[in-house]
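Worksheet: the structure to be examined is printed underneath.
The values are calculated or read from the model by the stated rules, or taken from the named source; none is laboratory data. Predicted model, so just to flag it, every value in this text is computed and none were measured. Reconstructed Cβ throughout: ideal geometry from the backbone, glycine too, with neighbour counts over all protein chains shown.
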Amino acid sequence: MQRSRARSRALAEIVGTLMLVVIVVAAATAFSFFVAAYQKQLQSQEALQHDKSLEKLRVLSLEPTVASTGGDTPPDIRSLIVEIASLDVNTITVSGIVLSGNALIEYNVTNAAGTALAKSECLNGNPYGAMNASCDIALAPESQVFLQFDLNPKDAPTTAANHSYYSFLPATVVATLTQQSVLDFEILTSLGNEFTQAFVPPVAIAGITFVDSQPILDGSNSYQPAEGGVGNVSIVLWNWVVSSSTGCGSGTSDDCGDFSGQEYELPVPFTGGSSYEIALTVVNTESLDSGATISYELAAS
């Protein structure tokens, strides 16, 4: 009887030991799976961060098209062509483009020769239809492309057939985009990078000096803010409009004329007892501009 009890206790101890071994092995196996999964997740995150850090995209230039309708002053920007370059050896997926705080919905992508490469498909071919889940654009490695946006208001097209690449911005936003606007571009990628570039108009400063009673228009104090644009942005045009109620030395009420140049010597002296309005518009290499107007009154002799 005692031997039977002893054998039962021994068997129970063996079974208990085996169960403990099984539990330890199971726990160790589960822990190893957890560690492996964690390491895999960590490696995936590190690879993503590595790819994100290598992603390079640069905005190279801006080309606006303007149109004046209904006496717009200054003219509205109707379309934009933005040149961008991928500096990555991998494909970059552009997931969104924001202009001055407003998302651009639809745009064309072309190469330097003007050949269409892609078009965003956010609208599923219908300007009033449901948005697609994704409107990503893939940029080939180390490529240079042009993004083209039509900035007509979102209510301009009436059917799917008569729209091409409308940006679908609200009309109130489109009306504020002019050659004198600061244009902030933000390009978002699928990896979470944000590449930004601001295009800033120049600052016009009009002046007038006299040499032997001969008036000289002086726009040399006009300048391009350092933070605006890409590369060496500079003023390339100085356009003047001089007008007077009594004319410009001719005794008529005609405008004195339109002139150009950083400095311009008027062909005739001002007439005594007359007042003059001198308007200067300066334009930079990105076709953005600003204006300044001064008044000058010449006392009667």
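Output the residue which, of all residues in the range 109-120 that are part of a strand (DSSP E or B) and surrounded by fewer than 19 Cβ atoms within 10 Å (Cβ to Cβ), is modelled with the lowest pLDDT.
Initially, the range 109-120 is screened for residues part of a strand (DSSP E or B), giving 109-110, 116-119.
Checking which are surrounded by fewer than 19 Cβ atoms within 10 Å (Cβ to Cβ) leaves us with 110, 116-119.
Numbers: Thr110: 83, Ala116: 74, Leu117: 73, Ala118: 68, Lys119: 65.
Across the range 109-120, the extreme among qualifying residues is Lys119.
Can you tell me which of (1) modelled with pLDDT under 80; (2) part of a loop (DSSP other than H, G, I, E, B); (3) surrounded by 13 or more Cβ atoms within 10 Å (Cβ to Cβ) is the one Asp88 doesn't meet?
Exception for Asp88: condition (1).
Among the residues of the range 248-261, are any of a type in the set (A, V, I, L, M, F, W, C), modelled with pLDDT under 70 and part of a loop (DSSP other than H, G, I, E, B)? Steps first, answer last, please.
Our first condition is that a residue be of a type in the set (A, V, I, L, M, F, W, C); within the range 248-261, this holds for 248, 256, 259.
Imposing the further condition that a residue be modelled with pLDDT under 70 reduces the set to 248.
The next check asks that each one be part of a loop (DSSP other than H, G, I, E, B); those that pass are 248.
Within the range 248-261 (the criterion being of a type in the set (A, V, I, L, M, F, W, C), modelled with pLDDT under 70 and part of a loop (DSSP other than H, G, I, E, B)), the answer is yes, since at least one residue qualifies.
Can you name the residue in the range 121-151 that is at pLDDT 65 or above and part of a loop (DSSP other than H, G, I, E, B) and is also nearest to the chain's Cα centre (by Cα) among such residues? Let's see the steps before the verdict.
Going residue by residue through the range 121-151, those that are at pLDDT 65 or above are 135-151.
Narrowing further to those that are part of a loop (DSSP other than H, G, I, E, B): 135-136, 140-143, 151.
On the way: Cys135: 17, Asp136: 17, Ala140: 20, Pro141: 21, Glu142: 20, Ser143: 18, Leu151: 13 Å.
Filtering first and then ranking leaves Leu151.
Which condition does Val66 not pass, out of (1) surrounded by 15 or more Cβ atoms within 10 Å (Cβ to Cβ); (2) assigned to a strand (DSSP E or B); (3) modelled with pLDDT of 85 or more, if it passes all the others?
Status for Val66: all satisfied but (3).
Return yes when Gly229 is surrounded by fewer than 17 Cβ atoms within 10 Å (Cβ to Cβ), at positive phi, within 21 Å of the chain's Cα centre (by Cα) and modelled with pLDDT under 90 and no when it is not.
Details: surrounded by fewer than 17 Cβ atoms within 10 Å (Cβ to Cβ): no; at positive phi: yes; within 21 Å of the chain's Cα centre (by Cα): yes; modelled with pLDDT under 90: yes.
For Gly229, the condition - surrounded by fewer than 17 Cβ atoms within 10 Å (Cβ to Cβ), at positive phi, within 21 Å of the chain's Cα centre (by Cα) and modelled with pLDDT under 90 - is not met.
Tell me, which residue of the range 175-197 that is aliphatic (A, V, I, L, M), in contact with a strand residue (DSSP E or B) (Cβ under 6 Å, 6 or more places away or on another chain) and over 15 Å from Ser287 (Cβ atoms) is surrounded by the most Cβ atoms within 10 Å (Cβ to Cβ)?
Top of the filtered list is Ile187.
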